[in-house]
Each structure stands twice: as structure tokens, then as C-alpha cells.
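First the structure, in the form of C-alpha cells, and then the observations on it.
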Amino acid sequence: MSKASRILIIDDDKELLCTFRDLLAAKGFIVSTAEESETALKMLLRDEFDAVLCDFMMPTMSGDALYWELKKQRPEICSRFIFVTGFKKEPRFACFIEREQVRVLTKPVTSAHLVKTLKEVDLEG
């Protein structure tokens, strides 16, 4: 990557959010964060991001609901999503993952796997 990639991390788990933020910032990424999907939606409609790291299980708007809303308003951003979850086999999410062919990292996520996946998204974009 020649320029620093802009990453948006969306997770209601503040500890995990901060861990990912600090790790990615140390690796040279420009990182923004959102603890709520509604805040993330506003950011994604307003700003440009090279990749979006999003938790599935969010309190008011789930990660897949955020994805569907963006698919209506900014479909080009959907290919930059990486979902992070401990619930990959939960039927609702499994169906979504299969239908949309989205990238998914299963918790716990190693830093090496996270960075590798982000670079893959950046190369495709």
C-alpha cells in the first residue's frame, strides 16, 4: 500500500474497538471508530473509507442491517466490508454470509489475519 488506508471500525464492545484501533494505527492505518451502527451509517454516507470492519451483533442496528442500508444508498462501499463475529454459524448470519459472499473474520481474530484481510480489501478496491 502506497498511501495509508482509511479504516472504519464498528463495534459496541469498547475494549475490542480500542484494541483494533490501536493495533491498526500502529500498523500505519488511518482509523476511525463508531460504537453504534447509526453513527457509522452517517460516517459512511459522508466520508470515504478503504475498508470497514464491522461487528454483526450490535444493540440497535445489526451489522447486516447496516450493510443492507448501505447497499441501498452507497452500494460501492459494500465490497469493502469485513464482518467480525463470534456468531458465524447463527442461521441468520450464515444465510447472509452465503448470499452476499462477504468477508468474515471469526473471533478471536489474530492481528496478522486482520491486517492481511484489510490489505486484500484495499488491493481489490
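Observations, loosely collected:
- Single unsatisfied condition, D64 versus (1) without any contact (Cβ under 8 Å) to a residue 12 or more places away in the chain; (2) part of a helix (DSSP H, G or I): (1)
- Annotation note: of R92, R103, R21, R99, the sole residue that is open to solvent by 30 Å² or more (accessible area, probe 1.4 Å) and touching a residue at least 24 places away in the same chain (Cβ under 8 Å) is R92.
- Candidates are the residues of region 67-86 that are touching a Lys or Arg at 6+ places or on another chain (Cβ under 9 Å) and not in a helix (DSSP H, G or I); the one that is most open to solvent (accessible area, probe 1.4 Å) is G86.
- Subset of region 14-60 (residues that are farther than 20 Å from H113 by Cα and not in a helix (DSSP H, G or I)): A34, E35, E36, D47, E48, M57, M58, P59, T60
- The one condition from (1) open to solvent by 70 Å² or more (accessible area, probe 1.4 Å); (2) over 14 Å from the mean Cα position of the chain (by Cα); (3) of a type outside the set (A, V, I, L, M) that E48 does not meet is (2).
The values are calculated or read from the model by the stated rules, or taken from the named source; none is laboratory data. Since the structure is predicted, the reported quantities are computational estimates derived from the model, not experimental observations. Here Cβ is always computed from backbone atoms with ideal geometry, including for glycine, and neighbour counts include all displayed protein chains. Just the protein is used for accessible areas: all its heavy atoms, side chains included, with ligands, DNA and RNA removed. Shrake-Rupley method; radii C 1.70, N 1.55, O 1.52, S 1.80 Å.
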